[in-house]
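A quick write-up on the structure given underneath.
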Amino acid sequence: MIRHPRPDPVALDAELLAAMRGIQPASLGHYLTTGIVSPDIRPLTGGKLLGRAVTVRQPLPDAIPVHVVLDELQAGDVLVIDRAGDHHVACVGEMVARAAHAAGAAGIVVDGIVTDIEELREIGLPVYARGLNVVTTRVLKVPGAELFGPVIIGGVIIRSGDLLFGDANGLLRFDPTDEALPTLVKRALADEAREIEWRQRLAAGESLARLNGSDAYRATH
């Protein structure tokens, strides 16, 4: 098992996090072309997810790497597991989810399969994965896993310390040091505030094309 140095967590602005908790990821997704995780990685349990990635690459059906990383989780972390193309053997079930929840984790993201869906829903921790199966990893004591290194989740490179933000519609990845993120969040807040008015105007029969300016384009083409 390769253990990369775990980066020191970047201090996250409390006001920025509070603002993100108050908006939809899709309001940020309007402006993004990168960091958008494939919809094949879908939410299997409810709740909004916002937290720091802690990564595991687990190419073989060995339970040890995930169990080791569980002891490293801190409050606000998101356990991120890259199964390196194995979409058959589940690497997360009830006990892993309970351990992560007890550590204060913000969620679990798996590019692969999980199990025990009824128990996962009972625990309430946000869990994203490709699907479910009844076969699970086991203690094999084989090499090949990597802890805290870069992984690929739904076509997106994720590094330990990255900020993950998701809800029932999907999942986004951000570099927490990106100076553009606060501005992006402010734009999303303004968009959502405007949408409150738009709902009322649409209900009154106004045209969406007029509200968003599409009618001006139509008039000139």
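The values are calculated or read from the model by the stated rules, or taken from the named source; none is laboratory data. Keep in mind that what you see is a predicted model, and the values were worked out from it rather than measured. Ideal geometry is used to build each Cβ from the backbone, glycine not excepted, and the neighbour counts take in all protein chains shown. The accessibility values were calculated without ligands, DNA or RNA, using every heavy atom of the protein model including side chains. Shrake-Rupley method; radii C 1.70, N 1.55, O 1.52, S 1.80 Å.
DSSP beta bridges in the chain, what fraction antiparallel, as a percent rounded to 5? Provide the component values of the computation, followed by the final result.
Working: 17 of 38 bridges.
Of the beta bridges lying entirely in the chain, close to 45 percent run antiparallel.
Suppose we look only past 16 Å in the calculated P(r) of the range 72-179. What percent of the Cα-Cα pairs does that tail hold?
I get 59 percent for the Cα pairs in the range 72-179 exceeding 16 Å.
Report, to the nearest whole %, how much of the accessible area of the range 1-144 belongs to carbon and sulfur atoms, 1.4 Å probe, protein only.
C and S fraction of accessible area: 53 percent.
Assuming 0.692 mPa s and 37 °C, estimate D for the chain with Stokes-Einstein, Rh taken as the Kirkwood radius over Cα pairs, in µm²/s.
Once the numbers are plugged in, D ends up at 177 µm²/s.
Average projected area of the Cα convex hull of the range 87-130, in nm²?
With the hull built on Cα positions only, its mean projection is 2.6 nm².
Over its Cα atoms, what ratio of radius of gyration to 2.2 N^0.38 Å does the range 19-74 give?
That ratio works out to 1.46.
With a 1.4 Å probe and every protein chain left in place, work out the accessible area per residue of the chain in Å², rounded to a whole number.
Each residue of the chain exposes 51 Å² on average to a 1.4 Å probe.
Show me the GluC sites (Glu not before Pro) within the range 138-204 that DSSP assigns to loop and that have at most 14 other Cβ atoms within 10 Å of their Cβ. Don't skip to the end; give the middle numbers.
Values: sites: E146, E179, E192, E195, E197; in loops: E179.
Those that pass, being in a loop and sparsely packed, are E179.
Connecting C-alpha atoms closer than 10 Å in a GNM of the chain, tell me which of V54, V156, V114 has the biggest fluctuation.
Comparing V54, V156, V114 in the GNM, the peak value goes to V156.
Specify the angular offset, from 0 to 90 degrees and rounded to the nearest 10, of the alpha carbon long axis of helix 181-203 from the longest principal axis of the alpha carbons in the chain.
Rounded to the nearest ten degrees, it is 50.
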